[in-house]
Amino acid sequence: MTTYSVIDKASGAVVYHYDSDAVIEWDGMELATHDHIAVAAPAPTRLDGQRRLTKLQFTDRMGDAAYAAVLQMARVSPEVEVFVDRFRNTAPEADGTSVDLDDPRTVAGVRTIGVALLAQGLVSETWADEVLHG
Amino acid sequence: MAERYCDHGAYGLGTNRIGRDVPAWGVPQEGDGTSKAAATAASIASISFSSVPTTGAASVFGATVSVTGVLSAANVNAAANVLAANINAAMTACSSFVSPAQAQLRNMVYARGPSNGAPTGTCQIMARVGSDNLNTATNTNARIVHSFNGSPTVSQFVGGSGGCWGWFINPDALGVDSSISAMNYGAFLYLPYAGTTPTLNDTINVRTGGGASKTIDYTNTTYSTIRHGAFSKRMLFDSNRIWTSDVEDGRLHLRLTHGAWGQTLEVSPSVGGQVTLYEAVCKGGFTVEGLATESAGKIRFGSFLGSSDCVFAYRGVRFVDSTPPGFCDFLPFSSESAGGRRAGEYFDCDYSVTYARTQITKDTGGILPAPGYAQQVSARFIGCTFDFNISSLADPGPILGMEFAGSCSLYFTCCSFLGYASGYLLTSASYPTSYESDANIRFRVYVDNCKGLRLPNSYFGLPTSRFVLNLDDRQIVHSAILDQDNPGFRLENARGVCEWVPNDPTPFPTAGAMLSITGAAWSMRLLWLTVVPLSRAWPFSAAPSRTLNPHATAARTVGVRLFLPSAVTAGLSLAVMYQDANGTPRMETVTELQSDSTAWEGAALYPGFVARKLQVVTSHPIKQGTEIQTLLQLVGPPPSGPVLQVYYNPEPDVA
C-alpha cells in the first residue's frame, strides 16, 4: 500500500492523501488537473492495537536482510532453528494471523535474534523493538 | 500552548464505546480533546447514487474502501447499503492527516444505508469522533472521494464539533469486533484518533473525578507490554481547577491487576526519544496501584521498554504496591535492549506497600535501577515518601538493590523512608565483587536531608580501574547531619572517604564544633586509602566547609584543626577560597602541617594521635560578610599503610 498526496496543479495545494496500491483518478482529482505523488507514509507506532500479525506481515517487519540472515543462522544454531521451525509450523488463526507479538516466545525469540543480528551489523539496536512494537 | 482535556467516561464506559457500539446517529462516541465538555455533534457526509455504478473506487479519510458488492449492485439502495457495510468493516488505516493514530476506518466512522435510515440510494457516514478537524472545510483530507461512474452526488463532512477525550485508558476492548485491545486506547498513552497530536507545550488536563474519584480497573492474565506512543506530552491531573464542581481531592486511580504466574505486565508511560510529564494538582490525584496476584508475577510501571533515550517526570503521583505474592516495580527501571538512557524525576510523590513484608530485595519493589545492559539511569527524588511496610524487626536489606549493570545517578533530597523502626540501609554493606572488573558499572548516589535512612556502619571500599578513576563514576554521598534519628555523613569514592559516624564504636574525637539543632559535638574523619595513587593533581577532597567572614575586610588567617597520627607529617593540603575586597575570587593553598594546642575531646581513645592544623594567611583582604570555603585534601600516599585516619574540625577558624 502506497500513500499518495493529491496536489492541485493550478493552485499547488495538497487537497487529499490516500492509501492505495495504485493511483486512482478520483472524481474531481483527475490526473489532468491533479498530481498524485507517492509519499512515504509516516510509520504508525502501533497497528491500531493489533498485536497479531500474519506471517507475511511479520517477515515484512523483520526486513529482507534480517529474515535472510535468520534463515542462514538456522542452519548452524539449534535455537534459531527451533524458532524458525515453530514459526513455519504455526497454523493461522481464523483471522489469518499466526504471530502474537505479546507471546513471550515471540518476544524472547525476536530479542535473541536481534542481539545476534546486531552483532553482525545487520540491524540497528532498535530492530527488535521495531519488530515487536512497530 | 494549547489546553487539552480528558474526562474518562464522558461518552460512556459500558455503552457508546468507540467502534464497539453502534452510535446514536450524529452523536459522537469520542472527542478530540479541545474542550472540557463532551463533544455533541459528529461530522456527517453522504454519497447518493442516482444509478448503480459499474466502475470506480472510493476512499474515506484517506482509507480505501472495498467496492465489492457496490459495483453492479441490484439497485441504488443495495449499492448504498453495501457501501455502508463495507465502510463499517474497513480495517484500512485513515490518513495521518485526518487521524494522528491512523485509526482503522471502521473505528473512525459509522455508515448507514437506506436499510438503516438513510435516504434512497444514499450512504451516510458519520464520524465517531466529534471534531471540527473532521469537517472537510477545516481539513481537506477529511472527505469522501470516489471514481464511480454515474456521477453520484457527494456531500462532504460538515457539522462536527470538538469535545474532551472520553478515555484515559481502556481497560476493556474497544473498536469494531473488539479490534482495539484493552489498554491500547486513550489519552494516557496513545495518539488521538482525531485532532492534532499533543506537544510538550500543551497541557492535557485530566479530570480525576466527576464529583467522586474515578477508578480504572484493568485485569491482565498474560505476558503483556503496553507502551506509550511516540510523542511527548504533559499531563495535568486536575482536581477542581478546570472542572470546578468536582471535589478538590479527586483521584484518578489506575489499578493494574496481574494474574499470570511467572509472567510480567509492563506498562511503559514513557517512550524513547520523547518527554512525558505527569503532574497532579492534588497529591495522589493520579494513583497507580499494582496487584500482582500470582507468585512470580510482576508488574512494571514507570519504566521504558526499548533502547532509545527517554525523559519522564512525576509530580504528586502516588504509587501503591498491593497484594502479594507477586510484586511491582514502580520506580526507575529499564529492562530491555542496550544503549538507552533514562532520566526521571519524582517530585512530592509517594510510594507505598499496602501489605506487610520482611525484605527489600530485587524485584520486590526497592528503588531499583536495573538496567540490564550498559545503560544509563538518572533519577531524582525530591520530597518523596517511601513506605516499604516492613513488618520484620530484622534488617530488611538495602534499598538500592545494587543489581544494576550499567550507569546510574540517583539523587534523594528531603525524602522520607517509613515503615521500619531502625531506619533503612541505603546500600548493602559491601561492594559487590562482581563489579570490580566491570568498567561499565558507574554510579553516583546522593542522599541529602532524608528521614529514615541510616548509613552502613562502614564504608564500601570502592575498587577502581583505569576506566573509573573519575571521581563521579563511583561515588556515594549520604548527608544526614541534622537527622535526629539516624544522623551521619559519608562521602565515598575510590580515592577516599570523608565521614561522620556518630554511633561509631570508638567515638569521634571533637574540637568544639557543635551541631546547631542538637548541640552535639561532632567532627569529620578522612579515611586515607591507597586504592588510587593520590597526588596534588589527583587528590581526595573532603566535603568542603563554609563560613562567613565575621570580621572587617582585611587579610585573615583561615585554618582547619586536625587530629591525626603523629607519623603524618605531609600529604594533606588546605585550599582556602574567598572573594577579596574587589570581589575577585581567590584561592590559596597550604600543605605545611603546623603544631596546634587544641585539646581534642576523647583524645585518650586515640593513642599516638596529635593535634595539628593547616592554615593560610591570605594574601588579599577578605571582604567582610562574604563566604569563605575551605577544602581539605589528601594529596599523597599515607605514611603508614592503608586506611589511616585523619580527623578534622568541620568549622574553619577565621582570625
Starting from the Cα of residue A:55, draw a straight line to each of the aspartates and glutamates and keep only those under 14 Å, dropping any in the same chain fewer than 8 residues away.
A:64, A:85, A:93, A:95, A:100
Given a cut-off of 24 Å, name the pairs among B:214/B:451; B:233/B:283; B:233/B:298; B:36/B:283; B:36/B:233 whose C-alpha atoms lie farther apart than that in the structure shown.
B:214/B:451; B:233/B:298
Which one of B:108, B:196, B:390 is farthest out on the positive end of the charge dipole of the protein assembly as shown, using unit charges on Cβ (Lys, Arg +1; Asp, Glu -1) and the Cα centre as origin?
B:390
Simple Cβ-charge dipole of the stretch B:466-589, Lys/Arg +1 and Asp/Glu -1, about Cα centre, in debye nearest 20:
360 debye
Average other protein chain Cβ within 10 Å of Cβ, residues A:124-130
5
With point charges of +1 on the Cβ of Lys and Arg and -1 on the Cβ of Asp and Glu, referenced to the Cα centre of chain B, which listed residue (B:581, B:516, B:40) lies farthest in the positive direction of the dipole?
B:40
For the pair residue B:74 and residue B:382, how long in nm is the line joining their label points, each one 7 Å along Cα→Cβ?
7.1 nm
Starting with the highest mean, order B:539-552, B:490-503 by the number of other Cβ atoms within 10 Å, averaged over the residues of each peptide.
B:490-503, B:539-552
Among B:286, A:118, B:551, whose Cα projects farthest towards the positive end of the dipole of the protein assembly as shown, with charges put on the beta-carbon of Lys, Arg (+1) and Asp, Glu (-1)?
B:551
Can you give the direction-averaged projected area of the convex hull of the alpha-carbon atoms in the protein assembly as shown, in nm²?
41.9 nm²
Under 12 Å from the Cα of residue B:613 - aspartates and glutamates, other chains or at least 8 residues apart:
B:592, B:596, B:653
Label residue A:76 and residue A:119 with points 7 Å out from Cα along Cα→Cβ: what is the distance between them in nm?
1.0 nm
Rounded to whole angstroms and listed largest first, the alpha-carbon spread of the stretch B:1-87 along its three principal axes comes to 48, 31, 18
How large is the dipole of the protein assembly as shown about the Cα centre if only Lys and Arg carry +1 and Asp and Glu carry -1, each at its Cβ, rounded to the nearest 20 debye?
820 debye
How much length is gained on full extension from residue B:356 to residue B:592, taking 0.36 nm per residue of separation minus their Cα-Cα distance?
79.3 nm
Between residue B:66 and residue B:391, what is the FRET efficiency for a Förster distance of 60 Å, r being their Cβ-Cβ separation, to the nearest 0.05?
0.45
So, R0 is 30 Å and r is the distance between the beta-carbons of residue B:212 and residue B:294; what FRET efficiency does that work out to, to 0.05?
0.45
Gain on full stretching of the segment that runs from residue B:151 to residue B:547 - 0.36 nm per residue minus C-alpha separation
133.7 nm
What do you get for the angle between helix B:76-89 and the principal long axis of chain B? Use alpha-carbon atoms, 0 to 90 degrees, nearest ten.
20 degrees
Rounded to the nearest 5, what is the percent of antiparallel bridges among the DSSP beta bridges in the protein assembly as shown?
50 percent
By how many degrees, between 0 and 90 and to the nearest 10, does the Cα long axis of helix A:78-89 differ from the longest principal axis of chain A?
50 degrees
Given the Cα atoms of the stretch B:208-328, and with Rh set as the inverse mean 1/r over their pairs in the Kirkwood sense, what is Rg to Rh to two decimals?
1.01
Per the Cα gyration tensor, the stretch B:147-286 corresponds to an equivalent ellipsoid with semi-axes, largest first in Å, of 30, 23, 16
Where in the stretch B:532-558 does the label zone of residue B:581 land, with the point 7 angstrom along Cα→C-beta and an amide N cut-off under 18 Å?
B:549-558
Chain B, dipole about Cα centre (Lys/Arg Cβ +1, Asp/Glu Cβ -1), debye to the nearest 20
800 debye
Between the DSSP loop rule and a limit of at most 11 other Cβ atoms within 10 Å, which chymotrypsin sites (Phe, Trp or Tyr not before Pro) in the stretch B:193-300 are left?
none
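Values quoted throughout were computed directly from the atomic coordinates according to the rules given, and no laboratory measurement underlies them. Everything numeric in this text was worked out from a predicted model, so none of it was measured. Here the Cβ is made from the backbone with ideal geometry for all residues, glycine too, and neighbour counts use every protein chain on show.
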